[in-house]
1. For residue 45 and residue 223, compute 0.36 nm times the residue count separating them, minus their Cα-Cα distance, and round to one decimal in nm.
2. Report the label-to-label distance for residue 74 and residue 57 in nanometres (one decimal), using points 7 Å from each Cα along the Cα→Cβ vector.
3. So what's the back-of-envelope 222 nm ellipticity for the chain, counting only DSSP H runs of four-plus at -39500 (n - 2.57) apiece and dividing by all residues, rounded to 500?
4. Compute the convex hull volume of the Cα atoms of the chain, divide it by the residue count, and report the result per residue in Å³ as a whole number.
5. Explain nothing, just the number: relative contact order of the chain, from Cα pairs under 8 Å at least 6 residues apart, as a whole percent.
6. At 7 Å along Cα-to-Cβ for each site, give me the label-to-label distance between residue 34 and residue 122 in nm.
7. Give the angle, between 0 and 90 degrees and rounded to the nearest 10, that separates the Cα long axis of helix 111-122 from the longest principal axis of the Cα atoms of the chain.
8. Just for the Cα atoms in the stretch 131-236, what are the lengths along the principal axes, largest first, rounded to whole Å?
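Derivation of every value follows stated rules applied to the coordinates shown; laboratory data play no part. Keep in mind that what you see is a predicted model, and the values were worked out from it rather than measured. Methodologically, a virtual Cβ is constructed for each residue, glycine included, from the backbone with ideal geometry; neighbour enumeration extends over all protein chains shown.
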């Protein structure tokens, strides 16, 4: 994904849903806005992968912002999801579509419906976006090309958690090599350290000492192998 930012109206429930989802685990930044004007400015400045605006909070400003974005050749491809009030009728939904939005979600705001709509706009399988528990050994090279070994304990299309006593600062780029269980071909890819689970200050107590890794510049072959493996794991659940 090119830019891991989401622009959204300042809605505590919406923010909670995103913070409790894989978007937060994968390091997405949430850029909150107060009105239609700041919404447009944020989309223009941040080039987000998604924008979500609540008509309960922003009212007609959400539609104005949507029209402005979709009429701008440089911004028009930004997916916009609009949240409608509980009592919204078909006329308001039609107004949203006419403004150029890419999806609508009706309140009451349910996490599953919102995330399904958001993932649909981004071409993401929400099931595959979840971290699947796995267990296999892998090797990785640090910035000095020194080889280390670790164990992958969860995995998805965006990255993995690597259990290892050799820790690195956030944003360190490493190179990993591994063979997925049931596969023969070794996969190699660059990764970025997204977060660290240090033994003395654990970010997640349920996880071992290690680092959360984000895949960088993945190849079609790499993605295809991960998708096939995760589908197998999914079907085995």
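1. 61.1 nm
2. 2.6 nm
3. Result for the chain: -9500 deg cm²/dmol, rounded to the nearest 500.
4. Hull volume over Cα atoms, normalised by residue count, gives 143 Å³.
5. 12 percent.
6. The answer from the label model is 2.7 nm.
7. Around 80 degrees separate the two axes.
8. Largest first, the stretch 131-236 extends 37, 30, 19 Å along its Cα principal axes.
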